[in-house]
Amino acid sequence: MPRENFSDLMAFLAVARERSFTKAAAKLGISQSTLSHTIRALEERLGVRLLARTTRSVTPTEAGARLQAAVAPRFEDIEAELSALSELRDKPAGTIRITAGEHAASAIVWPAIAKLLPNYPDIHIEVVVDYGLTDIVAERYDAGVRLGEQVAKDMIAVRIGPDMRMAVVGAPGYFARHQRPKTPQELTQHNCINLRLPTHGGIYPWEFEKGSRALRVRVEGALVFNNIAMRLHAALAGLGLAYLPEDQVREYLADGKLVRVLADWCPPFSGYHLYYPNRRQPSPAFTLLVDALRYRARTK
């Protein structure tokens, strides 16, 4: 059937339901003369009269009634499906892919999605832990998480965490055998637990800052890991000094299982940001996730 016949059939159904050209034209938002012309053209193409017209009423003919009975349910099904699709567009659903480093994934992303998902069972979230500076567009991620200074200028960035600090820590047992360092340079005399990151092409140097002085110290030690958990375990075991996010060691500092040094060389720096390409119509699911992750500073 030619495509234009579908609009003609809808016009016919409107007249057949309303039993009035005037009411049907108003419902369709067209003039009565245009509607009359459409119905005549449809009858000519089909070769049968569909509507019996009098000065007082309009009723379907036998052919018209048969066509109405056959076509109306199908158009109702189409309208119902279109309505369902419209509701789906507004319903939070679908899969969201995010790439983030280990610390951001566990400290920021996970707590947010753990609260979000129970209320929205049709949202699915995939979190890929990756230390690399992933190209989220090329790798088909919806968003990524980086420290503020690492976010490209052409991306939309949403702050999702507070400022951060790093901490140099060791177990009391380690310091019972080694003197506490007073400057970052003295770390070269200690057994340090190193981190290897793919973005740095090797061992990650420990970064320090005090006033206008900034230092990058390449430490050495018997252990190298590529994650936070193993470095923390090694430090707790007294096997060396570790350079870790402050929030990951706070409880161990409080109960005395770890001791902090060089705190005055570890100032705050910009925290994590969710970043994503400029998108004109983000999905309801993505909008919900962004709002769940958005950092809101606590006020006293």
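Every number here is computed from the coordinates shown, using simple stated rules; none is lab data. For clarity, every value in this text was computed on a predicted model and none was experimentally measured. Here the Cβ positions follow ideal geometry from the backbone for every residue, glycine too, while neighbour counts run over all protein chains shown.
Residues whose amide H comes within less than 5 Å of that of H273, counting only those at least five positions distant or on another chain, are R146, L147, G148, I160 (H built at 1.01 Å from N in the peptide plane). With a Cα-only, solvent-free Debye model of segment 4-90, what are the log10 I(q)/I(0) values at q = 0.26 Å⁻¹? Log10 of I(q)/I(0), two decimals: -1.37. Of the options [x] 33.6, 109; [y] 19.1, 62; [z] 18.6, 55, only one is Rg and Dmax of the Cα atoms in Å as computed from these coordinates, and that is [x]. In this structure the amide hydrogen of A167, modeled in the peptide plane, comes within under 5 Å of the amide hydrogens of L244, E246, none closer than 5 places in sequence on its chain.
Looking at the chain, what % of its DSSP beta bridges pair antiparallel, to the nearest 5? Write down the numbers at each step before the final one.
Values: 26 of 40 bridges.
Beta bridges within the chain, antiparallel portion: roughly 65 percent.
What FRET efficiency comes out for the pair N119/R19, r = Cβ-Cβ distance, R0 = 41 Å, nearest 0.05? It comes to 0.30.
Rounded to the nearest whole Hz, the Karplus-based 3J(HN,Hα) values (6.51 cos²θ - 1.76 cosθ + 1.60, θ = phi - 60°) of segment 159-174 follow the sequence 5, 10, x, x, 4, 10, 9, 9, 9, 9, 9, x, 6, x, x, 5, with x at glycine and proline. Residue-wise HN-Hα couplings along segment 116-122, as the Karplus relation 6.51 cos²θ - 1.76 cosθ + 1.60 with θ = phi - 60° gives them from phi, are 6, 4, x, 8, 9, x, 8 Hz; Gly and Pro carry x.
Quick check on segment 166-265: take the gyration tensor over C-alpha atoms, sort the square-rooted eigenvalues as a ≥ b ≥ c, and tell me if it's rounded (a/c under 1.5), prolate or oblate. Numbers along the way, then the final one.
Values: a/c = 1.39, a/b = 1.13, b/c = 1.23.
Judged from the Cα gyration tensor, segment 166-265 comes out rounded (a/c under 1.5).
Residue-wise HN-Hα couplings along segment 253-264, as the Karplus relation 6.51 cos²θ - 1.76 cosθ + 1.60 with θ = phi - 60° gives them from phi, are 5, 5, 9, x, 6, 10, 10, 9, 10, 6, 4, 6 Hz; Gly and Pro carry x. Close amide-amide hydrogen proximity is noted between R97 and E126, D142, A143, each under 5 Å apart and 5 or more residues distant or on a separate chain (H modeled in the peptide plane; Pro and chain starts excluded). Put in order of Cβ neighbour count within 10 Å, fewest first, the listed residues K115, K153 become K153, K115. Farthest towards the positive end of the charge dipole of the chain, among the residues A138, I203, Y120, is the Cα of Y120, using unit charges on the Cβ of Lys, Arg, Asp and Glu. Name the residue from A72, V109, Q32 whose Cα lies farthest towards the positive end of the charge dipole of the chain, charges +1 on Cβ of Lys and Arg and -1 on Cβ of Asp and Glu. Positive-end residue among those listed: Q32.
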